[in-house]
Each structure stands twice: as structure tokens, then as C-alpha cells.
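Colleague: Okay, here's the structure, questions in a sec.
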Amino acid sequence: MIQTISTKPYSDQKMGTAGLRKKTRIAIQENYFENFMQSIFNTIPDLDKKSFLVGGDGRYFNKIAIQKIIKIAAANGVKKLYIGQNGLVSTPAGSHIILKNHLDGGFVLSASHNPGGIDGDFGIKYANASGGQCQPSESAAIYEQTLNITSYKISDCADFDLSKCGKTHCEKTEIEIIDPYVDYIEMMKSIFDFKTVKQLLTSDFRFVFDAMHGVTGPYAKKIFEEILGAPKGCVLNGNPLEDFGGLHPDPNLIYAKSLVDLMYSDNAPDFAAANDGDGDRNMILGPHFFVSPSDCLAVLTDNYKLIPAYKDGIYGVAKSAATSMAVKRVADNLGIGYYEVPTGWKYFIHLMDSNRITFCGEESFGTGAAHIREKDGIWATLFWLTIIAKTHKSVKEIVLSHWQKYGRNYYLRNDYEGIPQEVADKLMGDLEEKLPSLKGKTFSSFTVSDAHPFIYNDPVDKSSTKNGLIVHFKDGSRIVYRLSGTGTNGATLRVYIERYVTDKLLENPDEMLKELSDVSRTIAEIAERTGKNKPDIIT
Ligand code: VG1
Ligand code: CO
């Protein structure tokens, strides 16, 4: 039976960079999740003709939330739900399932790389029929609904068993529990030459993949161990856990510490990759060597011909404005289109749909391509394995030869976390106001050549988005300032620092960027305003 439950609005259900992300204790408040789901459905017409994907990264509250989605969708008359077996679907696999089955959208329950558990974070990524996350105009309409909601509809049926594939019904809604792996694996086979990668992984080449107890564990075990023949056990932390084993499922030098320690030990394997909680981010390491995500995008783009799916040519490439300029040098050299967008994968979607780009990436450990509309951690891993298999070079040799060809964009992101929102907003507001006056000024040995907000004009829907502030220097260095849209604890100020050189290719980025980091604090008065003399996290 369908029930109508009266409710009161919550004022904080505005989506950020990638869906709605909240502390778990907030997300599990009475009617909080129900309100949000009903608000989404309120914005979608003709639900009786609409089908959606449902899945998640396995974190705490996923299973309960999925049962709620089934009952709310059914009460709202949705035509069909495709649900990943055991409630699991990675963000990239979900995008593929939406596209392959021509669904009208989907819900991936994940706070991505944020920690999980009752004291961690919970999140909902809402995708539309593009296969990628909804556009800002859609999230604005949903937010409006959340502020005015007075009731939601829900079926009072019993919970569903998500452990077996097959079809059933909830009210008039068809429910199909699907294998979340098979289609994704088929897609990877259609992009890459699995024979080549298998030869490498069954040789004496030593490979490890850290799934960080996120959703990619089962995908990685099937692909790398079962199909490509890598030794059993090469997938580390391969079982999805509700609290990620108490760890922070963020594949970077800080949170993937045990993997990093292994790769910097005497016994380091030849190659390591790590993925985040929902499987869209990747980190790539060689023995005693880390590939920065900005360089990763540049290297993959430069090597596109090695991959069967791209050998006949690629459209252009895009990056978020905060990502380093390394890939622009490659795009210029290849004579392909090049675009800069605001932070957030949703801004790449129109460029992919209109065949302007094939590859794209962000400095936050995201690389991907137009096979789906999300970033893709396993895709990036298979791409690297192919480059290694075909060039017979180590990770370090591949990147070093890239720098020798193009020069190196030294790059770091400094995060200042837990700043009171008003302090952060004022810092950004005041900085924006003073940008014009910075032109021509010299800080240490860096002279400002230009300073402006980053404004993106979408060539397809003609919308305009402002995201972050950029300071350019005469030597090509850049500093980008922006506030995070995924944090759940006060405001996080992200400061992205970049310096380009054609010599000194193997220096320590901390040393190479020390002076510019100091300049970034001076320009934005970070210490004076936040009391922080150094970043909380450097990636
Ligand atoms: C961060 C990253 C951004 C990424 C987003 C979602 O956003 O900086 O590049 O797209 O997370 O990543 P922010 O607003 O906190 O800087 V994930 O792996 O959710 O999907
Ligand atoms: Co993610």
C-alpha cells in the first residue's frame, strides 16, 4: 500500500561538487533521506515511463537507503529500477549501465573518497540520462523542492532481498537485481587489448591494486586476478566494508599510506594503482615513484595510440581549471581540441556528448574518457598497464621521457580544512575584489601577469559558471584558489600551485614549490585570516 507521510523541510540539502554529501548522522535523521529522494522525483515528469539504476559503494547506510529508494520510487510510480546485486555498483559501472540500457538516470549511494561508517560520511550521486551527474540547473530545482517539501510517498511493502539476481515487483514498479560487474568488464574488453595486458601480468611483472575496501575490490579481483591472470592476492583490501576498515578511502600519498610505504620500500612491486571508495578515482605509483594526477592525464593523452579503442584518433581533451597545464602542451602538440572547465565531472559531459573531447581529468586523482560520463579508476589502471606492456618502460621512465619531451609542471594542492564558513567566504570575496590590483605586483621572485575569477561558458547549453580564482605569473606559474564542494566539516580552502620548468626534472615538488606556496599564503592572507601557517593536507 502506498502511504503519504507528512514531513518538514531540511534547509541543507543543496548538492555540492558531486551530489549530496553529509555526515552519516545527519543523513540518517528522520525523513532526511526520504525528503531528498522525494524532492528528486518531484522534478522528474512521467515517472511511469522512467527507469533508474540504484547502487552504491557499500558504505554504512547503503543497504537501508536502497530499500527506501525502492519503496519511494514505487510509491511515486517509477517504471523500473535496476539494482546492483548486494547493493553494489561502482560510479563508473553505474554510468555504463545507465548508458547501455538507455535509462533515465541513477542513484549511486556514495560519499566517494570520504570516510564511511556512522561517524563518517554518506552521500548520493544523482545521474540523469546522460550517464553523468545532473547539471547545476537540475540540482537547483531539486534544492528548491527540498526547501518546500511537506510530504513524501512510500510503499509499506516488506524489504527486498538484494543478494540474488532476478526480477520482482514493488507496487507497479519492476525491480531487477543485476550483476554489476559483467557489462563493465565487457566494456573494458572492448577498449583495451586484454591479451597484451595478460602477457604482462602473467610474466614476472609485479602488480598490486589497492581497492581501499571500496566497491572496486570485486571488479578488480575479477578483471586483474581472474581474467588477466595476475597472482591471487594482488588486489589488496579487496572486500568492500561499511567503514572501509576505519580508513579514509582516498587514493593519495597520505591516505593510501600502506601502499605508498610498500612502493617506496626495497621490495617494491613494479606497478601499483589504488582506487577510491566508489571506484572513480585512481592513484598510480611505480617503485619509488608517484605519478601526479595532472601528469597522468597528460601521459595517457600522449599515448592514446597504444589503446585499440583510440588508435584511429581522439577528439580533444579537457581538464578542470585547477588541474595543471601539462595536458595542454600535449593537446597543442597533437593538434587536438583543448578545454578547461570548472571542478566537477559533470562539466565534461556536454563536451563528450558533442564529440569535442575523448579524454578528461582532474587534479584530484580523476582520469577518464568518453566511454562513460564519470571518471574511471580501473580504466586508468588498464591504460597504464597497456603503456608499460607496449613500451617495455617502467612508470618512472614513461613519465621522465614525457617531461623530457614537454617539460614538467611541478604541482601541489594545499588544503586548509575546517575553516569557519564565514571566514572562508570572506577570504574568497576579499581576494576576488583585490585581483585586479595584483597585476604587475611582485611577490618574492614571482610577478603577477594576470588575475581573474575562472568563468566557464559551456559551448553546448551556453550556461556560465564561476568557479575559483586564478593568479597567473610571468614565468607561467599559476595559483588557483577555490572552496571545496564535497567537505562535510566547515569549509575547506583548496590552493592549487603550479610551476613549469624545462630543466631540473627530478626535483622534490615541495622544494620546487616552497616559495610559491608562501606566495599563495601572502596573497590570500591565509595565516592572518585562518590562523593556519601551513596546509592541513598536501596532495
Ligand atoms: C573534489 C575534487 C573534485 C572532484 C570531486 C568529486 O571536489 O576536488 O575534483 O570532482 O571531489 O570527486 P571539491 O569540491 O571538494 O574540491 V569524487 O571521487 O566524488 O567523485
Ligand atoms: Co569517487
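Colleague: Could you work out how far the C-alpha centroid of the range 272-335 sits from that of the range 386-447, in angstrom?
Modeller: 16 Å
Colleague: As an exercise, identify the trypsin sites (Lys or Arg not before Pro) in the range 269-321 lying in DSSP coil whose Cβ has no more than 11 other Cβ atoms within 10 Å. Let's see the in-between values first.
Modeller: Working: sites: R281, K305, K311, K319; in loops: K311.
Within the range 269-321, the qualifying trypsin sites (Lys or Arg not before Pro) (loop, at most 11 other Cβ atoms within 10 Å) are K311.
Colleague: Ok, one more. Please compare each pair in K198/K221; K80/K100; K195/K319; K125/K319; K257/K305; K305/K328 to a cut-off of 24 Å on the Cα-Cα distance and tell me which ones are over it.
Modeller: Check vs 24 Å cut-off fails for K195/K319; K257/K305.
Colleague: In debye to the nearest 20, how big a dipole does the range 257-372 give about its Cα centre with +1 on each Lys and Arg Cβ and -1 on each Asp and Glu Cβ?
Modeller: Rounded to the nearest 20 debye, it is 340 debye.
Colleague: Any idea what the dipole of the range 32-182 comes to, in debye rounded to 20, about its Cα centre with Lys/Arg Cβ at +1 and Asp/Glu Cβ at -1?
Modeller: Roughly 280 debye for the range 32-182.
Colleague: Given 0.36 nm per residue, what is the gain on full extension from D425 to K8 after removing their alpha carbon distance, in nm?
Modeller: Length gained, D425 through K8: 147.3 nm.
Colleague: Along the principal axes of its C-alpha atoms, what lengths does the range 346-444 span, in descending order and rounded to whole Å?
Modeller: Principal-axis extents of the range 346-444 (Cα, largest first): 51, 36, 30 Å.
Colleague: While we're looking at this one, here's another question. Would you be so kind as to identify which of F52, N76, S90 lies farthest towards the positive end of the dipole of the range 41-93, taking Lys and Arg as +1 and Asp and Glu as -1 on Cβ and the Cα centre as origin?
Modeller: Of F52, N76, S90, it is N76.
Colleague: Shifting gears a bit: Hey, got the Cα dimensions of the chain along the principal axes, in Å, largest first?
Modeller: In descending order, the Cα extents are 70, 57, 41 Å.
Colleague: How about the range 142-232: which trypsin sites (Lys or Arg not before Pro) there are in a DSSP loop, with at most 15 other Cβ atoms within 10 Å of their Cβ?
Modeller: Taking the range 142-232 and a limit of 15 other Cβ atoms within 10 Å, the loop trypsin sites (Lys or Arg not before Pro) found are K164, K172, K232.
Colleague: Would you work out the charge dipole size for the range 366-507 about its Cα centre, treating the Cβ of every Lys and Arg as +1 and the Cβ of every Asp and Glu as -1, and quote it to the nearest 20 debye?
Modeller: With only Lys, Arg, Asp and Glu charged at Cβ, the dipole is about 520 debye.
Colleague: With a ≥ b ≥ c the root eigenvalues of the C-alpha gyration tensor of the range 186-255, is it rounded (a/c under 1.5), prolate (a/b larger than b/c) or oblate?
Modeller: prolate
Colleague: Count neighbours as other Cβ atoms within 10 Å of each site's Cβ, and list the GluC sites (Glu not before Pro) in the range 472-539 that are DSSP loop with at most 14 such neighbours.
Modeller: E507, E525
Colleague: Still on this structure: Sorting check: for 84-90, 21-27, which peptide has the highest mean count of neighbouring beta carbons within 10 Å, and how do the rest follow? List each step's numbers first, then the result.
Modeller: Working: 84-90: 26.0, 21-27: 19.1.
Sorting 84-90, 21-27 by mean packing, highest first, produces 84-90, 21-27.
Colleague: Put +1 on the Cβ of each Lys and Arg and -1 on the Cβ of each Asp and Glu in the chain; which of F224, T465, I40 then has its Cα farthest toward the positive end of the dipole?
Modeller: Positive-end residue among those listed: T465.
Colleague: Find which of T7, P509, P342 sits farthest along the positive direction of the dipole of the chain, computed with +1 on the beta-carbon of Lys and Arg, -1 on that of Asp and Glu, about the Cα centre.
Modeller: P342
Colleague: What does the net charge come to around K466 if you take all other residues with beta carbon closer than 11 Å to its beta carbon, with K and R at +1 and D and E at -1? Display every interim value, and only then the final one.
Modeller: Details: positive: R482; negative: E432.
Summing Lys/Arg as +1 and Asp/Glu as -1 gives 0.
FYI, it's all coordinate maths here, none of it is from the lab. Treat the numbers as computed from the prediction; the structure is a model and nothing was measured. Note that we place each Cβ from the backbone using ideal geometry, even for glycine, and neighbour counts take in every protein chain shown.
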